[in-house]
Amino acid sequence: QTTPDDLFTAINDLKRKLNAVVLAHYYQDPDIQDAADYIGDSLGLSRQAAETSADVIVFAGVHFMAETAKIINPEKLVLLPDLEAGCSLADTCPPEEFAQFKAAHPDHIVVSYINCSAAIKAMSDIICTSSNAVDIVRQIPKDQPIIFAPDRNLGRYVMTETGRDLVLWQGACMVHENFSEKKIVQLKIEYPQAEVIAHPECEEPVLRHADYIGSTTALLKYAKQSDSSEFIVATEPGIIHQMQKEARDKQFIPAPPMNSCACNECPHMRLNTLEKLYLAMENRTPEITLPENIRVAALKPIQRMLAMSH
Ligand code: 13P
Ligand code: SF4
């Protein structure tokens, strides 16, 4: 199938024709971010999905994000430019094994990070994102034992911030576990004025060097407001596109990966391209679908999260 030369105009035409909204995560290619109606972190994207009046949601992100939009909007067409765009963290938590883990802790409630499949959400009591995890755990009575899944790094960060003892599922994100503490320290020596800003999916030795820890939206906001003019950014470098746009005179240095042959771009997020976004809208496929019983069970903990988030 041939694609138009000017994909931006073609995508805008299709937005009007389909009454579609394009939601994009900060880890998407800069082109996709520039074509989006809204760019945000997982909480912001979930809120947009809950509030939109569009008939079609084109989700430029990964599968669990588009799936969350579909759980909230069963009547809408939800498109994901590449259906293979998964998440290494969500994959670390297979539903059968998690069911056994949950059964072994019958008095615990389950707080799950939104980076998990609908099947895991359906087994959870409350969903959280990196921007509200600490606040949500603080709202749970102190004597209530909690399982936190699937990200052990975010879970450990929440334990440090709240002083609570959580039972952690041992999952992790391949992108955020790939930052090199040693190379970050070397960069700090090279750029003594730079602040380190990091996502809580990073491992503890990296977070130890962070001047600020937060979700993608929180990191962007902090970088804009801070008096510093140089930042070492320990999260997927797609966010630097917005940081550079919103703080043009500041310098953003991507934190280096352990393996110098690799980069820290998320291979799942980067499966989406502007061309695939156009084709998804033009052909109205690939579409997100899920069994109704799972959808209904997964909706409850998402609604709890939205109600508990300020
Ligand atoms: P947030 O944008 O919610 O911080 O999530 C980061 C992430 O890893 C998404 O997959
Ligand atoms: Fe999943 Fe990590 Fe990619 Fe986010 S950056 S989508 S957590 S693999």
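The values are calculated or read from the model by the stated rules, or taken from the named source; none is laboratory data. These numbers come from a predicted model, not from an experiment. Cβ sites come from the backbone with ideal geometry, for glycine too, and all protein chains shown count toward neighbours.
Once the stretch 1-39 is narrowed to residues that are aromatic (F, W, Y) and within 14 Å of ligand 1 (Cβ to nearest atom), the residue that is farthest from V175 (Cα to Cα) is Y38.
A quick yes/no check of all residues on (1) touching a residue at least 40 places away in the same chain (Cβ under 8 Å); (2) among the hydroxyl-bearing types (S, T, Y):
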site	(1), (2)
L154	yes, no
M159	no, no
V167	yes, no
V185	no, no
Y191	yes, yes
A194	yes, no
L207	yes, no
D211	no, no
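The residue that is surrounded by the fewest Cβ atoms within 10 Å (Cβ to Cβ), among those in the stretch 83-100 that are within 13 Å of ligand 2 (Cβ to nearest atom) and assigned to a loop (DSSP other than H, G, I, E, B), is E84.
Among the conditions (1) assigned by TED's automatic domain parsing to the domain that holds P301; (2) crowded, with 19+ Cβ neighbours inside 10 Å; (3) part of a helix (DSSP H, G or I), D135 misses just one, which is (2). Among residues of the stretch 10-25 that are in contact (Cβ under 8 Å) with a residue 40 or more places away in the chain, those with a Cβ under 6 angstrom from a residue that is outside any helix (DSSP H, G or I) and buried (at least 17 other Cβ atoms within 10 Å of the Cβ), sequence gap 6+ or separate chain, pair up as L18/V56; A20/A54; A20/V56; A20/V58; V22/A36; V22/V58; L23/F59; H25/G61. When residues in the stretch 36-56 are screened for being outside any loop (DSSP other than H, G, I, E, B) and surrounded by fewer than 24 Cβ atoms within 10 Å (Cβ to Cβ), 9 of them pass.
Quick grid of which residues meet (1) within 12 Å of ligand 1 (Cβ to nearest atom); (2) touching a Cys at 6+ places or on another chain (Cβ under 9 Å); (3) over 27 Å from K102 (Cβ atoms):
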position: L166; (1), (2), (3): no, no, no
position: C173; (1), (2), (3): yes, yes, no
position: K182; (1), (2), (3): no, no, yes
position: V185; (1), (2), (3): no, no, yes
position: P205; (1), (2), (3): no, no, yes
position: L219; (1), (2), (3): yes, no, yes
position: Q225; (1), (2), (3): no, no, yes
position: F231; (1), (2), (3): no, no, yes
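Checked against (1) in a helix (DSSP H, G or I); (2) away from ligand 2 (no atom under 16 Å from the Cβ); (3) buried (at least 22 other Cβ atoms within 10 Å of the Cβ), T9 meets all criteria but (3).
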